[in-house]
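One structure below.
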Amino acid sequence: MILSIESSCDDSSIAVTETVTRRVVFHKKISQEQEHSHYGGVVPELASRLHAVALPAILEETSQYFPSLKAIAVTNQPGLGVTLMEGIAMAKTLSLLLDIPLIAVHHLKAHIYSLFIEKDEIMPLLVLLISGGHTQIIRVENFENMEILATSIDDSVGESFDKCSKMMDLGYPGGPIIEKLALGGDENRFDFPVPLRNSSQIAFSLSGLKNAVRLQIEKIGVLSPQDQCDIAASFQKTVKLHLLQKSKKIFSQEKIKDFAIVGGASANLYLRNGYESLCKEFGKSLHTAPLHYCSDNAAMIGRYALEAYQRGQFVSPEEIELGSTKRLRNETFL
Ligand code: KG4
Ligand code: ZN
């Protein structure tokens, strides 16, 4: 079995996965959403302190598996430096104490592997990754070869939902809040500009839309509940149109038949519906992870680690490093 640890942002999570059957025999996650909610976003130092309490509490529940463990896996990049360090410190200690190898896991690649938890891989695959930190389309040839085809030049999709919610004082994380409000709203009431609509650039941009929402909120002044629903719906519709417009360009260039959406914002059913139609139009099959594995979790870290384990891709506890703590938006290879 492999024990995997995730602490790249505001979720403390540990999973135990069987190496042969790929079964997830233990998975627990403690989210810090409530604690960060009054701030409208994640406060890194607070997140780090909460991980320091939550991770050991979850780990205690896994002690029965210790004799069966073959490796420890941990997210080492990208993410918040102070929170990644909590998971890495725990992973190093366990690796040394149990004398088993350590696997460093790239968080974004693990999001891709959230599709394959307890399942076989589907490759090659085109992937839209929409999380709190990233918005990218990635061509996944196989475990070793992943190439970013498009990326956001500013905010990510998840972040834009969070900011839209924050601007209306609705709390964090904004994604589920905005999606729910939008159900009661008129998506055609506000005509927000679709980002990069007239540009041939295959990239994403969400900061202009955020500004358009801010200006509309200021123009209305005191928002009624219906105003909030209409803003949420019009904002969400614009995000969908933007994602679909740019994805369409990639779909017409890429022959790969399988397409997937991963990351926290892939839990959004309205966005999923939009992609279902687009995939139908282009004869592609749409793949998504179960809703509970869309946002950060250690089961996806474990699933990626199974592949690394088979290939003997280990790092020594002395060597494991905190990887990139920045966004990867300017990188072309994962
Ligand atoms: O993948 P994730 O858990 O963390 C990162 O790796 O960043 O993604 C978290 C993000 C947050 O910004 C959250 O608002 C967004 O995913 N999110 C959603 C939905 N559920 C979560 N965005 C849109 N619609 C949702 N239903
Ligand atoms: Zn994530």
(request) Estimate the FRET efficiency between residue 169 and residue 98 by the formula 1/(1 + (r/R0)^6), using the beta-carbon distance for r and 41 Å for R0, to the nearest 0.05. (result) 0.30
(request) For segment 63-207, build the charge dipole from Cβ charges (+1 Lys, Arg; -1 Asp, Glu) around the Cα centre, then report which of 150, 65, 132 sits farthest towards its positive end. (result) 65
(message) Computing the accessible area with a 1.4 Å probe over protein heavy atoms, can you report the carbon and sulfur percentage for the chain?
(response) 51
(request) Could you pull out every one of the lysines with an alpha carbon less than 17 Å from that of residue 70, ignoring same-chain neighbours closer than 8 positions? (result) 92
(request) May I ask for the net charge around residue 20, where only other residues with Cβ less than 15 Å from the Cβ of residue 20 are counted and Lys, Arg are +1 while Asp, Glu are -1? (result) +1
(message) For the chain, take the longest principal axis of its alpha carbons; what is the angle in degrees between that and the long axis of helix 81-98, to the nearest 10 within 0 to 90?
(response) 20
(request) Rounded to the nearest 10 degrees, what's the angle between the helix 225-253 long axis and the longest principal axis of the chain, both from Cα atoms, 0 to 90? (result) 70
(request) With a cut-off of at most 10 other beta carbons within 10 Å, and DSSP calling the residue loop, which GluC sites (Glu not before Pro) in segment 127-234 qualify? Please list them. (result) 144
(message) With every protein chain kept in place and ligands, DNA and RNA left out, what is the accessible area per residue of segment 122-288? Probe 1.4 Å, answer in Å².
(response) 42
(message) How big is the dipole moment of the chain about its Cα centre under a simple scheme where the beta carbon of each Lys and Arg is +1, that of each Asp and Glu is -1, and everything else is neutral? Debye, nearest 20, please.
(response) 900
(request) Along Cα→Cβ, 7 Å out, is where each label goes; now give me the distance between the ones at residue 319 and residue 61 in nm to one decimal. (result) 3.4
(request) Taking the Cβ of residue 31 as the centre, find all other residues whose Cβ is under 13 Å away and add up their charges (Lys, Arg: +1; Asp, Glu: -1). (result) -4
(request) Compute the signed sum of charges (Lys and Arg +1, Asp and Glu -1) over the other residues within less than 11 Å, Cβ to Cβ, of residue 189. (result) -4
(request) About the Cα centre of segment 246-305, how large is the charge dipole given +1 on each Lys and Arg Cβ and -1 on each Asp and Glu Cβ? Please answer in debye to the nearest 20. (result) 240
(request) Have a look at the DSSP beta bridges in the chain and tell me what percent are antiparallel, nearest 5. (result) 60
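The values are calculated or read from the model by the stated rules, or taken from the named source; none is laboratory data. All values derive from a computational prediction rather than experimental measurement. Ideal geometry is used to build each Cβ from the backbone, glycine not excepted, and the neighbour counts take in all protein chains shown. Areas reflect the complete protein model, heavy atoms only, side chains present, ligands, DNA and RNA absent. Shrake-Rupley method; radii C 1.70, N 1.55, O 1.52, S 1.80 Å.
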